[in-house]
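The values are calculated or read from the model by the stated rules, or taken from the named source; none is laboratory data. These figures come from a predicted structure and were not determined experimentally. Reconstructed Cβ throughout: ideal geometry from the backbone, glycine too, with neighbour counts over all protein chains shown.
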Amino acid sequence: MTDLSTTDAPKTWERPEGASLEDWMQTRIARYQTRKYDWNALKFQADYDPRFRRAQMRYIGTGGTGVSTDMNTIPSENFTFSTMVIPAGHEGPPHLHTDVEEVFFVLRGTLKVVIEKDGERYETLLTDRDVISVPPGVYREEINVGDEDALMCVMLGAKKPVTPTYPPEHPLASIKRG
């Protein structure tokens, strides 16, 4: 379930009382220089098979990887935004989000994206500045078929998306996150 609470708690985008515009806006900026690639966010997948090794760099919210301890992000109310590096020959395994759409915007590289829904399968190549929006309930898989690291932006449509699931027959479906 997505975070649709109706409490009267202040929204993270509201200016705190007494904060100057500059102080408030400083909490709304995430600079590349202060980000670090997190190769451990999905390490449980890479531990199973090294081809699943990839890194997340979080900017807004903590994304769908389940890393809720990263306090070096801009707080999120309605979506998350991160970048993902997928080394050449590596892949993001097939998974789906039951509650949110997921957007992949390729900054650099060539990704084969495989989409599956109700027994139908669709494949396409995405390259620099291509984007795909995958609806909830649709399996998606990203495979770096290029010779260089692929870099993409990833956006999920909730403050804290439900942890993604894998196809029942996929080996990662039975592995628990560490």
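What the table below lists for this structure:
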{"quantity": "Which numbered condition Ile143 misses (of (1) closer than 21 Å to Lys36 by Cα; (2) not in a loop (DSSP other than H, G, I, E, B))", "calculated": "(1)"}
{"quantity": "Residues satisfying the stated conditions in the range 35-47, i.e. free of Cβ contacts under 8 Å to residues at least 60 places away in the same chain and either aromatic (Phe, Trp, Tyr) or within 21 Å of Glu77 (Cβ to Cβ) (or both)", "calculated": "Arg35, Tyr37, Trp39"}
{"quantity": "Tally, over the range 67-122, of residues that are farther than 19 Å from Tyr139 by Cα and among the aromatic types (Phe, Trp, Tyr)", "calculated": "2"}
{"quantity": "Residues (out of contact with any helix residue (DSSP H, G or I) (no Cβ under 9 Å at 6 or more places or on another chain) and either in a loop (DSSP other than H, G, I, E, B) or modelled with pLDDT of 90 or more (or both)) located in the range 25-39", "calculated": "Gln26, Thr27, Arg28, Ile29, Ala30, Arg31, Tyr32, Gln33, Thr34, Arg35, Lys36, Tyr37"}
{"quantity": "Subset tally (residues that are farther than 14 Å from Pro75 by Cα and modelled with pLDDT under 90) for the range 1-18", "calculated": "7"}
{"quantity": "Residues of the range 117-137 satisfying the condition of being β-branched (Val, Ile, Thr) and in a loop (DSSP other than H, G, I, E, B)", "calculated": "Thr127"}
{"quantity": "The range 98-150, residues that are under 21 Å from Asp49 (Cβ atoms) and of a type in the set (A, V, I, L, M)", "calculated": "Leu111, Val113, Val114, Ile143, Val145, Ala150"}
{"quantity": "Among (1) at pLDDT 95 or above; (2) surrounded by 13 or more Cβ atoms within 10 Å (Cβ to Cβ); (3) basic (Lys, Arg); (4) assigned to a loop (DSSP other than H, G, I, E, B) - the single one Lys112 does not satisfy", "calculated": "(4)"}
{"quantity": "Boolean, Ala9 is surrounded by fewer than 11 Cβ atoms within 10 Å (Cβ to Cβ), among the hydrophobic types (A, V, I, L, M, F, W, C) and on the phi < 0 side of the Ramachandran plot", "calculated": "yes"}
{"quantity": "Some residue of the range 154-173 being out of contact with any His (no Cβ under 9 Å at 6 or more places or on another chain), modelled with pLDDT of 95 or more and either surrounded by 13 or more Cβ atoms within 10 Å (Cβ to Cβ) or assigned to a strand (DSSP E or B) (or both)", "calculated": "yes"}
{"quantity": "The range 65-85: number of residues that are closer than 19 Å to Gln45 by Cα and touching a Gly at 6+ places or on another chain (Cβ under 7 Å)", "calculated": "1"}
{"quantity": "Number of the condition not met by His95 [criteria: (1) modelled with pLDDT under 95; (2) closer than 30 Å to Thr12 by Cβ; (3) not charged (D, E, K, R)]", "calculated": "(1)"}
